[in-house]
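The values are calculated or read from the model by the stated rules, or taken from the named source; none is laboratory data. Everything numeric in this text was worked out from a predicted model, so none of it was measured. As a convention, Cβ positions derive from the backbone with ideal geometry for all residues, glycine included, and neighbour counts pool all protein chains shown. Each accessible area value is taken on the protein alone, full model and side chains, heavy atoms only, with ligands, DNA and RNA left out. Shrake-Rupley method; radii C 1.70, N 1.55, O 1.52, S 1.80 Å.
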Amino acid sequence: MISRVYYASLFALYQLCIAVGIVMMPLAVAARQAGISIPIHKMLATVGEAYENAQPEP
């Protein structure tokens, strides 16, 4: 039961990170023009990897 809650929480967090990345896209483009890099891809990769590792085995 706990693993299902953990898996569902990671899925929700992963989806939230994707939504934040989409919303921050204009800010990221403006920051890139100013020479600043926003590391959203690192956060998304970390959460995505945790989500993939937590998937229940068939």
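The number of residues in the range 6-28 that are over 8 Å from the mean Cα position of the chain (by Cα) and open to solvent by 80 Å² or more (accessible area, probe 1.4 Å) comes to 7.
Number of residues in the range 1-22 that are touching a helix residue (DSSP H, G or I) at 6+ places or on another chain (Cβ under 8 Å) and small (Gly, Ala, Ser) equals 1.
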